[in-house]
Structure formats: structure tokens, C-alpha cells
1. Looking only at region 54-73, which residues are within 25 Å of W258 (Cα to Cα) and either open to solvent by 30 Å² or more (accessible area, probe 1.4 Å) or more than 19 Å from the chain's Cα centre (by Cα) (or both)?
2. Which of (1) in contact with a His (Cβ under 9 Å, 6 or more places away or on another chain); (2) touching a residue at least 60 places away in the same chain (Cβ under 8 Å); (3) of a type in the set (A, V, I, L, M, F, W, C) does F15 not meet, given it meets every other one?
3. Out of curiosity, is E21 open to solvent by 30 Å² or more (accessible area, probe 1.4 Å) and either aromatic (F, W, Y) or over 18 Å from T207 (Cβ atoms) (or both)?
4. Could you tell me which residue of region 222-248 is farthest from F91 (Cα to Cα), considering only residues that are in contact with a helix residue (DSSP H, G or I) (Cβ under 7 Å, 6 or more places away or on another chain) and β-branched (V, I, T)?
5. If we keep just the residues of region 174-189 that are farther than 21 Å from E223 by Cα and not polar (S, T, N, Q), which is nearest to the chain's Cα centre (by Cα)?
6. Please enumerate the residues belonging to region 198-227 that are of a type in the set (A, V, I, L, M, F, W, C) and over 18 Å from L18 (Cα atoms).
7. Looking at A71, A19, which one is farther than 23 Å from D254 by Cα and at pLDDT below 95?
8. I need every pair where a residue in region 51-79 that is free of Cβ contacts under 8 Å to residues at least 60 places away in the same chain and within 15 Å of S9 (Cα to Cα) has its Cβ under 8 Å from the Cβ of a residue that is in a helix (DSSP H, G or I) and open to solvent by 30 Å² or more (accessible area, probe 1.4 Å), sequence separation at least 6 or different chains.
Amino acid sequence: MTQLQIVDSHCHLDFDSLASELPDVVARAVDAGVTRMVTICTRLKNAPQVQTIAEAHAPVFWAGGTHPMSAAEESLATVEDLTALAAHPKFVGIGETGLDYHYTADSKAVQQESLRIHIEAARRTNLPLIIHSRDADDDMVRILTEEHRAAPYTCVMHCFSSSAELAKAALDLGFYLSMSGIAAFPKSQALRDIFASAPVDRILVETDSPYLAPPPHRGKRNEPAFTAHTARVGAELFDLTYDAFAAQTSANFDRLFWKAALATKAA
């Protein structure tokens, strides 16, 4: 029987709890049908390490940027820094970037500056922007909309767990929403309702591992193999079989992360 295929569109394989047993983590993912995964660099100084992981494992692609919670601690990335990374054949997205005012509201000005730099890099490379947003909905809607009106770009709202208003604004701009394990938590019905009201051709799935493990692994270390648990919840929301939802979200990933799709076809 052919193993169903699905994509973990956002994970952090360079983080210590996963990097310490990386070959086994990747093997378990593939065994679970997760045939591709995108590992995210959150500090540009770590880009060589993340790049090496992608080079060493055929199913792994990578993206890079400055996480908003690190924006005040790191040297401000330049558009040239980010576009240079895109020369790598397995580099497929810009970010994660964004705004996080939950713990780091004191750095909101530099976060906004960093976000706009990443948006310009996404435009120049034609790669999707990967957005992290927490407790910053008004500014996020404003900046994403202003910048898109100035010149278009593509984007995924990673690990989406914000308001219906931000979801609508993102979808109206043609962006994608990504489901993480949060959408599978029992108390996340309001979030599931937001996803259910979105077009299914604008949905991705992810783990954000090693964080946010979905049930039945909640509270434990997350890993890409657990993508299917969140995807099964997504399939129920859209009244699809798991097979159909896996195929749909994989097609959505290919449309947005076109560079990964081309590399997969060429392999």
C-alpha cells in the first residue's frame, strides 16, 4: 500500500532537542508519510547550521530570517543578507519574521523595521514570506496591507492562532494560513472555526516542532512525524478524507513554496 504523503511546512530541526537525534527524527517523519519538511532558521547567524541540515537530508528544505522576538538582540538583517541566502537550491522561503508583542512589545519598532526588510526580500526573490504574529493583530494587518498595496508578495501566516480579523485580512491579500498543533487542542474550537471558514486551497499544515505537539502527544516534544495528527483534525473541519486533505495541503504547499516543488520534481 502506498504511503500517503503530507508536508510539514514549518519545523525547527536545528533546535537541540531534535538536532541531537536528527537522522531518526527525519526517518520517523518519512515513515509517517511526511515526505517533505521545511526547517526554519530564526537567527541569521545560525544559517550555516540550518543549511547543512537541509543538505544532509533529502526530504528537508530550509528558510531563514530573524524571528521577531530576537529582532532587538540580533544585528538588523539587510535585504541583501536575505536575498543572498536564496541562492541556495534548497532555500525556499523568507522568515520567519513578523511581530510578537506578547513578551517583546518593548522592541516593536525594530520588529516592524525588520518585518518590512523581510517583505522586500520576499518581493525580490519571489519566495514566500513566513509570518509569526502574536498579540500584534492591528499592526500586522496594517503593515501587511500597506506593503502589499505598494508591491505584491506571497505569504503564509505560520502557526496561525490569531483573530478572525487577521485571518480575513491575510486571506483577502491572497495569503495562506498554516495549522499547527494548537488547532487540535480541545479548547481551540474558536480557532478551528476560523480555519473552517477559509478556502481549503489556502491551508497548510505544520508542527512548529519541537513545540506545540498535538494530541495525543501534547506536552511532549513535537516532531515532524506528528503532522498527521493535526492534518486529521483539518480533514474533519473541511469534511474531507485524510487522503484528500493531505493531497490538498500538499498541492497548496507546492503552489506557495514553488522552489521546493521544482526541486521535488527534479529529484
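The values are calculated or read from the model by the stated rules, or taken from the named source; none is laboratory data. Source: prediction; values computed, not measured. Reconstructed Cβ throughout: ideal geometry from the backbone, glycine too, with neighbour counts over all protein chains shown. Just so you know, the surface numbers come from the protein's heavy atoms only, side chains and all, with ligands and any DNA or RNA stripped out. Shrake-Rupley method; radii C 1.70, N 1.55, O 1.52, S 1.80 Å.
1. Matches in region 54-73: E55, A56, H57, A58.
2. Status for F15: all satisfied but (1).
3. no
4. Looking at residues that are in contact with a helix residue (DSSP H, G or I) (Cβ under 7 Å, 6 or more places away or on another chain) and β-branched (V, I, T), I get T241.
5. For region 174-189, the residue satisfying everything is Y176.
6. Scanning region 198-227 gives A198, V200, I203, L204, V205.
7. On the way: A71 fails: at pLDDT below 95.
On inspection, the qualifying residue turns out to be A19.
8. What qualifies is P59/V30; W62/Q51; G64/L44; G64/L85.
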